[in-house]
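Every read-out reported here was derived from the displayed coordinates using simple, explicitly stated rules and does not represent laboratory data. In this text, all values refer to a predicted model and were calculated from it rather than measured experimentally. Using ideal geometry, Cβ is built from the backbone for each residue, glycine included, and neighbour counts are taken over all protein chains shown.
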Amino acid sequence: MTQRIAVLGATGSIGDSTLAILAAQPQHYEVYALSGYHRLDKLFTLCQQFLPKRVSVPMAAVDEFAQRLSTAGLDIEVVAGEAGLIDIATDTQTDTVVAAIVGAAGLPSTLAAARAGKRILLANKEALVMAGQVMIDAVKTHNATLLPLDSEHNAIFQCLPLEIQQDNTQIHRSEYGVRKLWLTASGGPFLQHSFEKMQQASVAEAVKHPNWSMGQKISVDSATMMNKGLELIEACHLFDLSENKINVVIHPQSIIHSMVEYSDGSFLAQLGSPDMKTPIAHALSYPNRIDSGAQPLDLYALSGLEFIEPDLQKFACLRLARQAMQAGTHATIVLNAANEVAVAAFLKNQIRLTDIARINEQALNEIQAPSLNATADIEDILAIDTIARGYTDKLVLELA
């Protein structure tokens, strides 16, 4: 049976990899809907190639985009804004939602997909960083399926027993013997550089990742290791573990994507070339397997695998992520919002790369956000997000 796929965030790097797999597997998948925000020329080209039934664009672009489609003879329904994304995510014709919108903007549609009982392939970190328990509860209450696309979380998922894959609370049962999870990190472009070198880093240097092809925001997060901090928070929710059960280790070669440590001393690891098509193909076809199109790993070409403990002075954002996770969801919302504002300011050359951690720490320590309980909803979450962004905007202005 053909799966109808909605790719939310189709013009980004995750969208590129996902659509490459879908194009190569037309017997299994149909591109039902697409969304884009900034790169609407690219989105138009994707509409011409994949002929989706629906497409979502920003509110201000809907009329012009609809006219372009009509002029090209394409019969595609155009929806707009957050409401359009939610409409696609909950559409009865949508089987699987690829949640690949970057940032807090991806949260409402991802949560809506969970409440609609959809199969969700999760690349949007903020859905769990901002709304972890709310999201997990929605998945369970509405019998949705949540499969991680991040290479690290997907690797851990693959290394866990089937019973834990199907119910994350089973991870606490002694017979499965899960002792710790190990998230691997590349260390980013400044692993071998001093803190002083990082202080002088240009935008071009910060976004030049040594192993992965990613968008600018995620590349900057990798340079500060905030990306790994956000992944640590995600892993706590995905696998129902406290942060002290999850370690981070720098592995510059990006060959081992993450590991599970068991009580008998075994470490199970998932290896592969640094190509996002591998975890995406796994999640698309789970519990089966398909050809991802990724370059197979050449074991004979591997010269060595290194493992390095992170320097939490140099990469303070990783320390802040643990601090936020210990404090609670209100703190992880603040940290995520502050980081998004700070990274955007760095990309505009308003602050230095190392100012990002300073801003994040100040926001985390000084914003008095209310604690969230189990009944918190998206409005409560976004209210804290708004407060944190406003506060961080002021911090940026002071530094700019």
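Shown for the chain are the DSSP H helices of 24 Å or more along their axis, judged by Cα atoms, with a mean Kyte-Doolittle hydropathy of at least 0.5: 329-347, 378-399. For the range 255-339, applying the loop criterion from DSSP together with a ceiling of 12 other beta carbons within 10 Å to the trypsin sites (Lys or Arg not before Pro) yields R289. Inter-label distance, A83 to K348: 2.9 nm, where each label sits 7 Å from its Cα along the C-beta direction. Close amide H partners of S35, meaning residues 5 or more places away or on another chain with modelled amide H under 5 Å apart, are V7, G9, A10, S56.
Restricting attention to the range 3-148, close to 0% of DSSP beta bridges with both partner residues there are antiparallel. Rg and Dmax of the range 211-278, both derived from C-alpha coordinates alone, stand at 13.2, 41 Å. Derived from the Cα gyration tensor, the three semi-axes of the equivalent ellipsoid of the range 3-148 are 24, 16, 13 Å, largest first.
When a/c reaches 1.5 or more, the comparison of a/b and b/c decides; with that in mind, is the range 44-92 rounded, prolate or oblate per its Cα gyration tensor? Here the range 44-92 falls in the oblate category. The modelled label-to-label distance between I290 and Q27, using points 7 Å beyond Cα along the C-beta direction, is 1.1 nm.
Averaged over residues, the count of other Cβ atoms within 10 Å places the peptides 57-66, 244-253 in the sequence 244-253, 57-66, highest first.
A simple charge model with +1 on the Cβ of Lys and Arg, -1 on the Cβ of Asp and Glu and nothing else charged puts the dipole of the chain at about 340 debye relative to its Cα centre. Its relative contact order, with pairs defined as Cα atoms under 8 Å and 6+ residues apart, puts the range 3-148 at 21 percent. For K208, the lysines whose Cα falls under 22 Å of its own Cα, not counting residues fewer than eight places away in the same chain, are K125, K197, K217, K228, K277, K314, K348. Taking all Cα pairs closer than 8 Å and separated by 6 or more residues, the relative contact order of the chain comes to 14 percent. With each label modelled as a point 7 angstrom along the Cα→C-beta vector, the Q313-A400 pair spans 3.2 nm. For the range 101-249, the square roots of the Cα gyration tensor eigenvalues, ordered a ≥ b ≥ c, give a/c of at least 1.5 with a/b no greater than b/c, which places it in the oblate category. If I take all pairs of Cα atoms in the chain, what percentage of them are more than 29 Å from each other? Here the long-distance tail beyond 29 Å is 43 percent of all Cα pairs in the chain. Pairs of Cα atoms nearer than 8 Å and 6+ residues apart set the relative contact order; for the range 92-182 it is 23 percent.
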